[in-house]
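K.L.:
First the structure, which I've put down as structure tokens, then a few questions once you've had a look.
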Amino acid sequence: RHHVLSLADFKPAEYDTVLQTAASFQEVLSRRTKKVPTLQGQVVANLFFEPSTRTRSSFELAAKRLSADTLNFAAATSSMTKGETILDTAKTYLAMGTDIMVVRHKEAGVPNAIAAEMDRLGVKVSVLNAGDGQHEHPSQALLDLFTICSLIDPNHPRLELLQGKKIAIVGDILHSRVARSNIWSFIASGAQVHLAAPPTLLPKLFAEYILEEDAGTWRRGDAGTRGRGDTGNEEDTQTQAYNNVVNKNENFSVSPRHPLSASSSQLFLHWQLEPALQDADFVMTLRLQKERMTAHLLPSLREYHQLFGITSTKLQLCKPHVKVLHPGPVNRGVEISSELMDDPEFSLIQSQVTSGVAVRMALLYLLGSGKA
Ligand code: CP
């Protein structure tokens, strides 16, 4: 493998290679020196066309721990403000001797376009997708996988450890590239994946699937009210919102190869929270991506928290040892209660950030040393 753009075609052996390599780097990071000379002389360019805190910083730190030289690009302070294109920007970094480009962009497909251009030029540059639009965020899903597998077996994290586990993914699935990558990896592991969201925050294909499954019980006016427990005049707003999603987000549907498109016995959809949480081993809660939302997607944050926000009380439905994850950044008190987020007994959120460095070291090492 030359690039890491998506987890759609990741093989079980590749997941295990990343997990085991990350475990060895985790051990390196526990030492006093924390550094290895593996990528000495190589250049890693962080090309972030969209804001980031943890992904950009942890890729930079990972590259430095591997002794690579790092270049950090931010669109707002770059010559893109003078009209330079994305591909010309990438070629500028190529001309400086970049070996690995880590790319984030608000539009799906930009890392693929840069990778295709590098391949067309016949250069040995690897491209790593650091999050593209609503498409995928592979390194985040790999660090989520590593965090969970390391918890189960710190000495030998591996994909099969999740076989038969119940994992709930809750919240703004419509806008979540993390969820799309999580689904690939969790399905590959043999886990049971339960998605829970209001219908307005599910991609069209997901929403239609639910409507089909619920045929006979669903009416258009029900779109935002099922499971809500209260009534009011918001049905019309929600129905309108649902129709807006269906009409406007054609391109956000999952690909025909997505597990959802096959009749998967591992993927379950809910537009109520409780069935997804029931006996869950892990709960992945997602940020409401307000910056990508149209006005009608949500009735209110208060109502969202009441219905889909994860709290200690709601966790009582899960297995006693349940753990909660969130890719960050978090809207405290919206998708997860502030108290639960900070509770070390249940929250893996800080562990995810810590895992990110070792997992990104593994990815850079495997690409940089040509072993991926
Ligand atoms: N999880 C994640 O991608 O966070 P950042 O946007 O801070 O990189």
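The values are calculated or read from the model by the stated rules, or taken from the named source; none is laboratory data. Predicted model only: the values in this text are computed from it and were never measured. Quick reminder, even Gly has a Cβ in these numbers, built from the backbone with ideal geometry, and neighbours come from all protein chains shown.
K.L.:
How about region 40-71: which of its residues are of a type in the set (S, T, N, Q) and within 18 Å of the chain's Cα centre (by Cα)? It would help to see each step written out before you state the result.
P.N.:
Going through region 40-71, the residues of a type in the set (S, T, N, Q) turn out to be 40, 42, 46, 52-53, 55, 57-58, 67, 70.
Of everything in region 40-71, those that are of a type in the set (S, T, N, Q) and within 18 Å of the chain's Cα centre (by Cα) turn out to be Ser52, Thr53, Thr55, Ser57, Ser58.
K.L.:
Could I ask something else about it? Evaluate region 61-69: report whether one residue or more is assigned by TED's automatic domain parsing to the domain that holds Asp119 and touching a Lys or Arg at 6+ places or on another chain (Cβ under 6 Å). Walk me through it before giving the result.
P.N.:
Restricting attention to region 61-69, the residues satisfying the condition of being assigned by TED's automatic domain parsing to the domain that holds Asp119 are 61-69.
When the remaining residues are screened for being touching a Lys or Arg at 6+ places or on another chain (Cβ under 6 Å), the result is 62, 65.
Yes: region 61-69 contains one or more residues that are assigned by TED's automatic domain parsing to the domain that holds Asp119 and touching a Lys or Arg at 6+ places or on another chain (Cβ under 6 Å).
K.L.:
Here are Ser6, Ser52: which of them is outside the structural domain of Glu291 (by TED's automatic domain parsing), closer than 17 Å to Leu366 by Cβ and within 16 Å of the ligand (Cβ to nearest atom)?
P.N.:
On the way: Ser52 fails: closer than 17 Å to Leu366 by Cβ.
The unique qualifying residue is Ser6.
K.L.:
Quickly run through region 137-182 and pick out the residues that are of a type in the set (S, T, N, Q) and either modelled with pLDDT of 95 or more or buried (at least 21 other Cβ atoms within 10 Å of the Cβ) (or both).
P.N.:
Of the residues in region 137-182, the ones of a type in the set (S, T, N, Q) are 139-140, 147, 150, 155, 163, 176, 181-182.
Once the filter is applied, which keeps residues that are of a type in the set (S, T, N, Q) and either modelled with pLDDT of 95 or more or buried (at least 21 other Cβ atoms within 10 Å of the Cβ) (or both), region 137-182 yields Ser139, Gln140, Thr147, Ser150, Gln163, Ser176, Ser181, Asn182.
K.L.:
What is the number of the single condition among (1) within 16 Å of the ligand (Cβ to nearest atom); (2) over 23 Å from His135 (Cβ atoms) that Glu27 does not meet?
P.N.:
Only one criterion is unmet by Glu27, namely (1).
K.L.:
Out of curiosity, is Phe282 free of Cβ contacts under 8 Å to residues at least 60 places away in the same chain, in contact with a strand residue (DSSP E or B) (Cβ under 6 Å, 6 or more places away or on another chain) and not aliphatic (A, V, I, L, M)? Outline the logic, then answer.
P.N.:
Numbers: free of Cβ contacts under 8 Å to residues at least 60 places away in the same chain: no; in contact with a strand residue (DSSP E or B) (Cβ under 6 Å, 6 or more places away or on another chain): yes; not aliphatic (A, V, I, L, M): yes.
No, not satisfied.
K.L.:
Hey, another quick one. Would you mind telling me which numbered condition in (1) within 15 Å of the ligand (Cβ to nearest atom); (2) assigned to a loop (DSSP other than H, G, I, E, B) Thr33 fails?
P.N.:
Against the list (1) within 15 Å of the ligand (Cβ to nearest atom); (2) assigned to a loop (DSSP other than H, G, I, E, B), Thr33 comes up short only on (1).
K.L.:
Could I ask something else about it? One residue is enough: does region 311-331 have a residue meeting the conditions surrounded by fewer than 20 Cβ atoms within 10 Å (Cβ to Cβ), of a type in the set (Val, Ile, Thr) and within 23 Å of Leu7 (Cα to Cα)?
P.N.:
Among the residues of region 311-331, not one is surrounded by fewer than 20 Cβ atoms within 10 Å (Cβ to Cβ), of a type in the set (Val, Ile, Thr) and within 23 Å of Leu7 (Cα to Cα), which makes the answer no.
K.L.:
Which one of these does Leu47 not meet: (1) part of a helix (DSSP H, G or I); (2) touching a Lys or Arg at 6+ places or on another chain (Cβ under 8 Å); (3) within 16 Å of the ligand (Cβ to nearest atom)?
P.N.:
Unmet for Leu47, out of (1) part of a helix (DSSP H, G or I); (2) touching a Lys or Arg at 6+ places or on another chain (Cβ under 8 Å); (3) within 16 Å of the ligand (Cβ to nearest atom): (1).
K.L.:
Listed residues Leu66, Leu71; which is within 14 Å of Val359 (Cα to Cα) and either of a type outside the set (D, E, K, R) or touching an Asp or Glu at 6+ places or on another chain (Cβ under 7 Å) (or both)?
P.N.:
The match here is Leu66.
K.L.:
In region 174-201, what residues are polar (S, T, N, Q) and either closer than 28 Å to Asp16 by Cα or within 16 Å of the ligand (Cβ to nearest atom) (or both)? First the steps, then the outcome.
P.N.:
Filtering region 174-201 for residues polar (S, T, N, Q) gives 176, 181-182, 185, 189, 192, 200.
Hits for region 174-201 are Ser176, Ser181, Asn182, Ser185, Ser189, Gln192.
K.L.:
Right, Val36: more than 19 Å from Ala116 (Cα to Cα), in contact with a strand residue (DSSP E or B) (Cβ under 7 Å, 6 or more places away or on another chain) and outside the structural domain of Asp144 (by TED's automatic domain parsing) or not?
P.N.:
Details: more than 19 Å from Ala116 (Cα to Cα): yes; in contact with a strand residue (DSSP E or B) (Cβ under 7 Å, 6 or more places away or on another chain): no; outside the structural domain of Asp144 (by TED's automatic domain parsing): yes.
No, not satisfied.
K.L.:
Residues being crowded, with 19+ Cβ neighbours inside 10 Å, touching a residue at least 40 places away in the same chain (Cβ under 8 Å) and closer than 20 Å to Leu364 by Cα: count how many of those fall in region 55-92.
P.N.:
Number of matching residues: 10.
K.L.:
Turning to a different aspect of this structure: Scanning for something acidic (Asp, Glu), away from the ligand (no atom under 16 Å from the Cβ) and touching a residue at least 12 places away in the same chain (Cβ under 8 Å), does region 342-349 turn up at least one residue?
P.N.:
Scanning region 342-349 turns up at least one residue that is acidic (Asp, Glu), away from the ligand (no atom under 16 Å from the Cβ) and touching a residue at least 12 places away in the same chain (Cβ under 8 Å).
K.L.:
While we're here: Before we move on, is Ser347 crowded, with 17+ Cβ neighbours inside 10 Å and either among the hydroxyl-bearing types (Ser, Thr, Tyr) or within 16 Å of Val283 (Cα to Cα) (or both)? Step through it out loud before you land on a result.
P.N.:
Numbers: crowded, with 17+ Cβ neighbours inside 10 Å: yes; either among the hydroxyl-bearing types (Ser, Thr, Tyr) or within 16 Å of Val283 (Cα to Cα) (or both): yes.
Answer is yes for this residue.
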